[in-house]
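Presented below is the structure to which this report refers.
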Amino acid sequence: MIFDWTAEWRGLAGGGSASLALGAELVARWAEPHRRYHTLDHLDAVLTAADRLAEEAEDVTAVRLAAWFHDAVYDGRPGWDEERSAQLAQSRLPGCGVPAARVAEVARLVRLTAAHDRLAPGDRNGAVLCDADLAVLGRPGYDDYAARIRQEYARVPDAAFRQGRAEVLRRLLAAPRLYRTPRARELWEERARANMAGELAALAAAQTGGDEPL
């Protein structure tokens with residue numbers, strides 16, 4: 001667990017006043033009360049996973065900055081949230097002295113996390129960020145993760161949520177490889193597929209049983 005968020009951010013973006021103000025803003029965003037899964041714990045987990053995959057990246061600093069921003073805006077609107085988060089990075093990072101090329105890379109990476117399926121061959125930074133974001137699928141605590149996702153979509157009726165969630169799981173399971181980096185596949189692939197298959201079976205069982213709560 002990363003306890004000193006100020007030190008973590010300072011190591012990436014420097015200790016200037018603009019940088020520290022942005023770091024504090026990002027921490028506040030990740031701590032918003034409506035979040036249940038996309039919280040500081042998730043940010044911590046993505047950064048920790050990215051560290052384990054760091055040797056696979058071309059620019060691990062860009063990857064880590066993108067991790068900070070990838071759900072900085074979170075209203076439960078897939079695609080829109082990532083676009084707004086990328087725009088936030090583009091507008092705020094230059095004031096922290098981050099070079100333009102790295103800012104552009106951070107924004108590109110954030111947009112990739114909207115669906116995790118637009119990676120071009122050889123995109124090492126994108127592979128590391130997407131794998132780190134999906135690491136939760138192959139680690140202990142999957143049931144808690146799934147429950148928190150449901151809480152974030154509490155406004156969605158049970159039947160509609162089951163249908164949408166099942167579609168996401170089927171799409172992920174249909175990919176020949178869930179993770180793009182060899183290290184991530186070694187660490188999480190087998191367990192992730194078992195976890196998702198188990199959730200998919202539970203969703204199907206709930207569907208046949210009627211509109212009972214998950």
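Numerical summary
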read-out	value
Rounded tilt (10° steps) of 158-174 against the dominant C-alpha axis of the chain	70
Cβ-Cβ FRET estimate between Ala100 and Thr208, R0 fixed at 41 Å, reported to 0.05	0.15
J(HN,Hα) series, the range 17-23, from Karplus relation 6.51 cos²θ - 1.76 cosθ + 1.60, nearest Hz, glycine and proline x	4, 5, 5, 5, 5, 5, x
Accessible surface of the range 64-126, 1.4 Å probe, proportion on carbon and sulfur as whole %	53
Rg(Cα) / (2.2 N^0.38 Å) computed for the range 57-139, rounded to two decimals	1.02
Cα-based Rg / Dmax (Å) for the range 17-69	12.2, 35
Calculated diffusion of the range 101-198, Stokes-Einstein form, Kirkwood radius summed over Cα pairs, 25 °C and 0.890 mPa s, µm²/s	168
Relative contact order of the range 1-135, defined on C-alpha pairs under 8 angstrom at six or more residues apart (%)	28
Dimensions (Å) - the chain, Cα atoms, principal axes, largest first	57, 36, 28
Chain lengthening between Gln90 and Glu167 when straightened (0.36 nm per residue, less Cα-Cα)	24.5 nm
Per residue, in Å², the accessible surface of the range 108-214 once ligands and nucleic acids are set aside, probe 1.4 Å	51
Mean-position separation - Cα centroids, the range 153-184 and the range 18-61, in angstrom	22
In degrees, nearest ten, helix 60-69 long axis to first principal axis of the chain (Cα)	60
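The values are calculated or read from the model by the stated rules, or taken from the named source; none is laboratory data. These numbers come from a predicted model, not from an experiment. Note: ideal-geometry Cβ built from the backbone for every residue, glycine included; neighbour counts use all protein chains shown. Remember, those area values only see protein heavy atoms, side chains included, never the ligands or the DNA or RNA. Shrake-Rupley method; radii C 1.70, N 1.55, O 1.52, S 1.80 Å.
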